[in-house]
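Asker: Below is the structure I would like to discuss, written out as structure tokens.
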Amino acid sequence: MTVKQRLQTIQQHIAEACEKTGRNASDVQIVAVTKYVSIARAKEAIEAGIVHLGESRADGFLHKYEAIGKEATWHFIGTLQSRKVKQIIDDVDYIHSLDRLSLAEEIDKRANRTIKCFVQVNVSGEQSKHGLAPEDVLPFIETLSAFSRIQVVGLMTMAPYTDDEATIRRCFRTLRELKERVQEKQLPHAPCTQLSMGMSNDYVIAVEEGATFLRLGTCLVGEEEVE
């Protein structure tokens, strides 16, 4: 299947999930995760109508950006080392993995404009996952008021990789409820209107639970052998 054909299937699933829950499908953005595919495949995604591309390593991000540039809106979706911030900060539009003060300090120091950030939350509590514990999210976001170049646009999480739909749904629902608590604070630096959650195996559930950004790799662009 081509990327365009896969996209049509995914869009149909999103539309059905939105109809089921009374949402508008236009409120759900697809981020094509291009980490495991070539520049050619990433360009195919753009030609199919994808606006948002996501990379999770600084070198991969720079490699793709050099070839594609401003044709896409760029998302850094992986764990970001503080020392790598300066490599990507001039070109990235969204960072999905803000999870510590040292990273916030480096983003604020290096950025020459406001950077849209998602605070990463480890809702499942799995040791293999990065992110803040849910109870630490509000205090952390409040401290970010000190950084003029950071805007907290939303929260991000990854659900456990499991076939247990109830577990996945509970994870996404918890993040949505946490986002609503942040919104209630009406913090100028943290409108927190967005939810980055849902990947190839669980994006339908994520949409039903309020996701506004889906990070889709395999089900959309597939996988290739790339250097």
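The values are calculated or read from the model by the stated rules, or taken from the named source; none is laboratory data. Predicted model, so just to flag it, every value in this text is computed and none were measured. Glycine also receives a Cβ, built like all others from the backbone with ideal geometry; neighbour counts cover every protein chain displayed. What goes into the accessible areas is simple: the full protein's heavy atoms, side chains included, and nothing from ligands, DNA or RNA. Shrake-Rupley method; radii C 1.70, N 1.55, O 1.52, S 1.80 Å.
Asker: Give the residues of the range 83-111 that are part of a loop (DSSP other than H, G, I, E, B) and over 17 Å from the mean Cα position of the chain (by Cα), sorted by residue number.
Answerer: Matches in the range 83-111: Asp90, Ala111.
Asker: Here's a follow-up. Hey, among Ile68, Ile89, Ile77, which residue is in contact with a Lys or Arg (Cβ under 9 Å, 6 or more places away or on another chain) and closer than 23 Å to Gln183 by Cβ?
Answerer: Ile77
Asker: Next question, about the same structure. Only one residue in Thr73, Thr34 is of a type in the set (S, T, N, Q), touching a residue at least 60 places away in the same chain (Cβ under 8 Å), under 24 Å from Thr212 (Cβ atoms) and open to solvent by less than 70 Å² (accessible area, probe 1.4 Å), so which one is that?
Answerer: Of the residues listed, the single one that is of a type in the set (S, T, N, Q), touching a residue at least 60 places away in the same chain (Cβ under 8 Å), under 24 Å from Thr212 (Cβ atoms) and open to solvent by less than 70 Å² (accessible area, probe 1.4 Å) is Thr34.
Asker: If the requirement is being among the small types (Gly, Ala, Ser), surrounded by fewer than 21 Cβ atoms within 10 Å (Cβ to Cβ) and in contact with a helix residue (DSSP H, G or I) (Cβ under 6 Å, 6 or more places away or on another chain), which of these qualifies: Ala67, Ala17, Ala45, Ala40? Let's see the steps before the verdict.
Answerer: Values: Ala17 fails: surrounded by fewer than 21 Cβ atoms within 10 Å (Cβ to Cβ); Ala45 fails: surrounded by fewer than 21 Cβ atoms within 10 Å (Cβ to Cβ); Ala40 fails: in contact with a helix residue (DSSP H, G or I) (Cβ under 6 Å, 6 or more places away or on another chain).
Answer to the check: Ala67.
Asker: Another question, then. Within the range 14-40, can you find the residues that are in contact with a strand residue (DSSP E or B) (Cβ under 9 Å, 6 or more places away or on another chain) and basic (Lys, Arg)?
Answerer: Pass one, the range 14-40, residues in contact with a strand residue (DSSP E or B) (Cβ under 9 Å, 6 or more places away or on another chain): 14, 28-35.
Lys35 - this is the single residue of the range 14-40 that is in contact with a strand residue (DSSP E or B) (Cβ under 9 Å, 6 or more places away or on another chain) and basic (Lys, Arg).
Asker: Let me ask something else. For the range 80-111, which residues satisfy the criterion of being open to solvent by 30 Å² or more (accessible area, probe 1.4 Å), in contact with a helix residue (DSSP H, G or I) (Cβ under 6 Å, 6 or more places away or on another chain) and free of Cβ contacts under 8 Å to residues at least 24 places away in the same chain?
Answerer: Within the range 80-111, just Ser102 meets the criteria.
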